[in-house]
1. Of the residues 166, 184, which single one is within 26 Å of residue 250 (Cβ to Cβ), aliphatic (A, V, I, L, M) and modelled with pLDDT of 95 or more?
2. Would you tally the residues in the stretch 128-178 being under 28 Å from residue 9 (Cα atoms) and polar (S, T, N, Q)?
3. What pairs can you find where one residue is in the stretch 117-128 and touching a residue at least 12 places away in the same chain (Cβ under 8 Å), the other is β-branched (Val, Ile, Thr) and assigned to a helix (DSSP H, G or I), and their Cβ atoms are less than 7 Å apart, with a gap of 6+ or different chains?
4. Just one of the numbered conditions (1) within 18 Å of residue 87 (Cβ to Cβ); (2) surrounded by fewer than 24 Cβ atoms within 10 Å (Cβ to Cβ) is not true of residue 135; which one?
5. Give the number of residues within the stretch 248-267 that are in contact with a strand residue (DSSP E or B) (Cβ under 8 Å, 6 or more places away or on another chain), surrounded by fewer than 14 Cβ atoms within 10 Å (Cβ to Cβ) and at pLDDT below 95.
6. Go through (1) in a loop (DSSP other than H, G, I, E, B); (2) on the phi < 0 side of the Ramachandran plot; (3) modelled with pLDDT of 60 or more for residue 222 and report which single condition fails.
7. Of the residues 101, 135, which single one is among the small types (Gly, Ala, Ser) and assigned to a helix (DSSP H, G or I)?
8. Being exposed (fewer than 11 other Cβ atoms within 10 Å of the Cβ), at pLDDT 95 or above, within 22 Å of residue 30 (Cα to Cα) and out of contact with any Gly (no Cβ under 9 Å at 6 or more places or on another chain) is the requirement here; does residue 245 meet it?
Amino acid sequence: MTGLCTGRVAVITGAGRGLGRAHALAFAAEGAEVVVNDLGVGLDGTGGTSGPAQQVVDEIRALGGEAVAHAGDIATAEGAASLVATALDTYGRLDTLVNNAGFLRDRMLVNLDEDAWDAVVRVHLKGHFLPLRHAAAHWRAEAKAGRMPDARVINTSSGAGLLGSVGQGNYSAAKAGIVGLTLVAAAELGRYGVQVNAIAPAARTRMTERAFAGTMAAPQGGGFDAMAPENVSPLVVWLGSAASAGVTGRVFESEGGRITVMEGWRPGPTADKGARWSPAEAGEATLKLLAEAEAPQAVYGAQ
């Protein structure tokens, strides 16, 4: 390893398993001191134990790294505040925040009840906002005190947030919201030395194994495992390091050995009458514009 993150302190939410665990181990391998957050809940967000977070801390320490566990609920103001405080109290600084925590409660829209909607939006979207808000408040205070941070935030969106996913209206909406939050945060926090980006990863985790059953098995015979969560972590570590200077407000897809810069909404074909359209005129003009526009990519799971 190159020591890319030596001297930096990284906080990673949802780091007890899957992608978050891979990120935590990768940051530690590059020299970072790591705060491993995980509520230890089931796939649907129920239950809770500090075990997964502590197990990852033990792994990092066994490999010669430094880490501390945090088992608070980062979708509450108290939990998010204590997350930031854990980094500052333990290591005296905070340089990188990786928002990764989440769970699923998949339903088709007609069967999606309010509780399942609220729970998923809460952990994914609010669970990004609150740690970001508390970390940003710390970095703003540092900047105003003349100690300009060199800080990084990496948010976790999804292909479901970029394209939609059948049976995941709550998850897709939350992940799309994370992209919007990322763009606003990058614009607002740059003056305080904070860069904010998002990733849309594809990997084999507890959250994806049902959706991709039978298509995401690890290869036999020691071949490249394209769906291993560890494949996503190098990009996250680089974005969380000082080496990514100048990169902010971007969304990246990461899967296997592939990295893609995602290009979001931007004006396509347009028509301007210079006056109010009638409904019929608006429809005729819109059909012409659609004929000139690129077709959208299919929603995941659509027939």
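The values are calculated or read from the model by the stated rules, or taken from the named source; none is laboratory data. Here the structure is a predicted model, which means the values were calculated and not measured. Positions of Cβ are generated from backbone atoms using ideal geometry, with glycine treated the same way; all protein chains shown enter the neighbour counts.
1. The unique qualifying residue is 184.
2. Count: 4.
3. From the stretch 117-128, the pairs are 124/178; 125/178; 128/178.
4. Only one criterion is unmet by residue 135, namely (2).
5. Residues flagged as in contact with a strand residue (DSSP E or B) (Cβ under 8 Å, 6 or more places away or on another chain), surrounded by fewer than 14 Cβ atoms within 10 Å (Cβ to Cβ) and at pLDDT below 95 within the stretch 248-267 amount to 1.
6. Unmet for residue 222, out of (1) in a loop (DSSP other than H, G, I, E, B); (2) on the phi < 0 side of the Ramachandran plot; (3) modelled with pLDDT of 60 or more: (2).
7. On the way: 101 fails: assigned to a helix (DSSP H, G or I).
Answer to the check: 135.
8. On the way: exposed (fewer than 11 other Cβ atoms within 10 Å of the Cβ): yes; at pLDDT 95 or above: yes; within 22 Å of residue 30 (Cα to Cα): yes; out of contact with any Gly (no Cβ under 9 Å at 6 or more places or on another chain): yes.
Spelling it out, residue 245 is indeed exposed (fewer than 11 other Cβ atoms within 10 Å of the Cβ), at pLDDT 95 or above, within 22 Å of residue 30 (Cα to Cα) and out of contact with any Gly (no Cβ under 9 Å at 6 or more places or on another chain).
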